[in-house]
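Enquirer: Below you will find the structure I want to go over with you.
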Protein chains: 2
Amino acid sequence: MAPKYLTGDSQAINDFLDRFDVFLFDCDGVLWSGDIVFDGTVETLEMLRNKGKQVVFVTNNSTKSRLDYKKKLDKLGIPATREEVFSSSFSAAVYISRILNLPPNKRKVFVLGETGIEQELQAENIPFIGATDPAYRRDVSAEDYNKIAAGDPSLLDPEVGAVLVGLDFHINYLKISLAYHYIRRGALFLATNIDSTLPNAGTLFPGAGTISAPLIRMLGGTEPISLGKPSPEMMVAVEGKFKFNRQRACMVGDRLDTDIRFGIEGGLGGTLGVLTGVSSKDDFEAATLPPMAYVDKLGDLLGGA
Amino acid sequence: MAPKYLTGDSQAINDFLDRFDVFLFDCDGVLWSGDIVFDGTVETLEMLRNKGKQVVFVTNNSTKSRLDYKKKLDKLGIPATREEVFSSSFSAAVYISRILNLPPNKRKVFVLGETGIEQELQAENIPFIGATDPAYRRDVSAEDYNKIAAGDPSLLDPEVGAVLVGLDFHINYLKISLAYHYIRRGALFLATNIDSTLPNAGTLFPGAGTISAPLIRMLGGTEPISLGKPSPEMMVAVEGKFKFNRQRACMVGDRLDTDIRFGIEGGLGGTLGVLTGVSSKDDFEAATLPPMAYVDKLGDLLGGA
């Protein structure tokens, strides 16, 4: 079904808003771009809150914790609480602690990633190694090869039951080698998200998907379980926290392949596209899985008031 | 056609050897394993040379130059000259200098790799940046993101016309970012080889294919031109150097998917499998593209004398 274009149609906007109690927002490309907040973003969020709607900020950025992200929202002048932020690092921590049930002697997680993941794992009391530990920021020595081959516990902790891969700005040969050997020895292969690129400074840089790519290659094509958008596991985690009726929830995003897909495959009652990011009007109109409705920009929702 | 089993059949061995003037050898798994040279390796090579055969050692290991590799052969007690060694780093250098014809203002190569590639590029007078230059062994700064986005020539050399990816034990986020932006700006995407793993210490570590994997991911699936086995480009380079008749040449190897495939798809007159490496008797007998013949071990060829 073709998506409904809402901009300028106050009756249609009101009808649309009335269908939902919860709005999940993608951030970059929807609320802001880079460091520039779009006109009407703050007022639209205020309008939704005034109508009693729950707002949730859903981000695949695993390098930041929810608190880091709340600080970013503060800095941009967008009022938010930590509780309203749902990041892929938090999603991964919730998945590991509440769904996976690792055996008692396999509870540790070997992490490729940054402090955002560490903070969320700590908040869920999940023991981990790797991540930002400087001991892993070094070359592989001849001795390491033999120790890894022998499964020496000084390099391969026998209590590791899962490898969690997020965006790691300090990826290196040693970490890839260790992650591979943990997985070969039976550890689960998890990823906070698998985005191939990360938008920054108006262009693209390597995303979390580039950190799992070498491992997928070594494993002959085996993909990680991804806990970020558009994975249904992330929707399970979001729902587990906010306890909403999926039929009364709407995902708002700029990308067909992550945001809109996440809302549709996650079984939400609605999806809303915006044209301030990656996907265009033509993309939305021609899509096999289009959003339920779309607006030129988020602030156009104020036209329904 | 089922491969002929030669071990113990002196007439069949003689007939087989008589068909070829040139023998191309894979090394690890054929001549030796790790640091152990198989019984009969040295004598078999001597026998072939005494019969006037040309022997060539063909390796995908790009971290070593031909001279480094000759030194490795010396250390293992296998007589060889630098001229008999054909590595994927040399193959890549030959391909760039003699086949690619980069425009005069795009002659530089940005390298992800080690000293083996540097030495072979230098020998072919190809200007390059990256590789083991310590200036690239650092974190990405906030300033770098802006400079890369702006195409600042202090980080993105406008004369770079090709990116060459080999095994890089010092891979990092900065190098992946730069390689990606060079390719986006039009540089060719080349790889010395795309092996997913590297055997070491009796187990597997990340191979050159894991260094190109993040880039392939960022580029939406675009693969590099590979200059190693089993790529036909490597056969073109080998033939360009040794000027042999492909019908009178035989590839000897332990792996169906690289060595035997390389010989068959490269149009050689014959292929010989050995059982001292990865592939088994059953693999050879059941293969869609089997070797022409096989022996238990290379030294069994002495049984034809």
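Enquirer: For the stretch B:47-90, how many residues meet the condition of being over 14 Å from B:Glu120 (Cα atoms), of a type outside the set (S, T, N, Q) and not in a helix (DSSP H, G or I)?
Expert: 12
Enquirer: Would the stretch A:115-131 turn up any residue that is outside the structural domain of A:Pro206 (by TED's automatic domain parsing) and within 30 Å of A:Ala162 (Cα to Cα)?
Expert: No: zero hits.
Enquirer: Please state which one of B:Leu215, B:Leu227, B:Leu256, B:Leu275 is without any contact (Cβ under 8 Å) to a residue 60 or more places away in the chain, more than 16 Å from B:Leu6 (Cβ to Cβ) and in contact with an Asp or Glu (Cβ under 7 Å, 6 or more places away or on another chain). Outline the logic, then answer.
Expert: Working: B:Leu215 fails: in contact with an Asp or Glu (Cβ under 7 Å, 6 or more places away or on another chain); B:Leu227 fails: without any contact (Cβ under 8 Å) to a residue 60 or more places away in the chain; B:Leu275 fails: more than 16 Å from B:Leu6 (Cβ to Cβ).
Of the residues listed, the single one that is without any contact (Cβ under 8 Å) to a residue 60 or more places away in the chain, more than 16 Å from B:Leu6 (Cβ to Cβ) and in contact with an Asp or Glu (Cβ under 7 Å, 6 or more places away or on another chain) is B:Leu256.
Enquirer: Same structure, new question: Consider B:Tyr180 against the criteria (1) farther than 17 Å from A:Ile171 by Cβ; (2) touching a strand residue (DSSP E or B) at 6+ places or on another chain (Cβ under 8 Å): it satisfies all of them except one. Which criterion is unmet?
Expert: (1)
Enquirer: Something else: Is one or more of the residues making up the stretch A:94-111 on the phi < 0 side of the Ramachandran plot, of a type outside the set (Lys, Arg) and free of Cβ contacts under 8 Å to residues at least 24 places away in the same chain?
Expert: Yes; the residues of the stretch A:94-111 include at least one that is on the phi < 0 side of the Ramachandran plot, of a type outside the set (Lys, Arg) and free of Cβ contacts under 8 Å to residues at least 24 places away in the same chain.
Enquirer: Can you list the strands (runs of 3 or more DSSP E) lying wholly within the stretch A:98-195 that have 2 or more residues being within 12 Å of another protein chain (Cβ to nearest Cβ), of a type outside the set (Val, Ile, Thr) and touching a Ser or Thr at 6+ places or on another chain (Cβ under 7 Å)?
Expert: Ranges flagged: none.
Enquirer: Here's a follow-up. From the set of residues in the stretch B:216-228 that are more than 8 Å from every other protein chain (Cβ to nearest Cβ) and part of a loop (DSSP other than H, G, I, E, B), which is surrounded by the fewest Cβ atoms within 10 Å (Cβ to Cβ)?
Expert: Ranking the candidates gives B:Gly221 first.
Enquirer: Just need a number here: residues in the stretch B:246-285 that are of a type outside the set (A, V, I, L, M), out of contact with any strand residue (DSSP E or B) (no Cβ under 8 Å at 6 or more places or on another chain) and not in a helix (DSSP H, G or I).
Expert: 3
Enquirer: Let me ask you something else. What's the number of the only condition in (1) more than 27 Å from B:Asn146 (Cα to Cα); (2) in the same structural domain as A:Lys53 (by TED's automatic domain parsing); (3) modelled with pLDDT of 95 or more that A:Met234 fails to meet?
Expert: Every listed condition holds for A:Met234 apart from (3).
Enquirer: If you don't mind, another one. Suppose we filter the stretch A:14-56 for residues that are polar (S, T, N, Q) and either closer than 17 Å to A:Tyr294 by Cβ or modelled with pLDDT under 95 (or both); how many remain?
Expert: From the stretch A:14-56, those polar (S, T, N, Q) are A:14, A:33, A:41, A:44, A:50, A:54; that's our starting set.
From what's left, either closer than 17 Å to A:Tyr294 by Cβ or modelled with pLDDT under 95 (or both): A:14, A:33, A:41, A:44.
Count: 4.
Enquirer: Can you name the residue in the stretch B:196-215 that is more than 7 Å from chain A (Cβ to nearest Cβ) and in a helix (DSSP H, G or I) and, of all such residues, is farthest from the chain's Cα centre (by Cα)?
Expert: So the residue we want is B:Leu215.
Enquirer: Additional query: With respect to A:Gly240, is the statement that it is under 27 Å from A:Gln54 (Cβ atoms), touching a Cys at 6+ places or on another chain (Cβ under 8 Å) and in contact (Cβ under 8 Å) with a residue 12 or more places away in the chain true?
Expert: no
Enquirer: Quick check on the stretch A:286-300: of everything there that is in contact with a helix residue (DSSP H, G or I) (Cβ under 8 Å, 6 or more places away or on another chain) and assigned to a helix (DSSP H, G or I), which residue is surrounded by the most Cβ atoms within 10 Å (Cβ to Cβ)?
Expert: A:Leu298
The values are calculated or read from the model by the stated rules, or taken from the named source; none is laboratory data. Please read these numbers as outputs of a predicted model, since none were measured by experiment. Cβ coordinates were reconstructed from backbone atoms using ideal geometry, including for glycine residues, and neighbour counts include every protein chain displayed.
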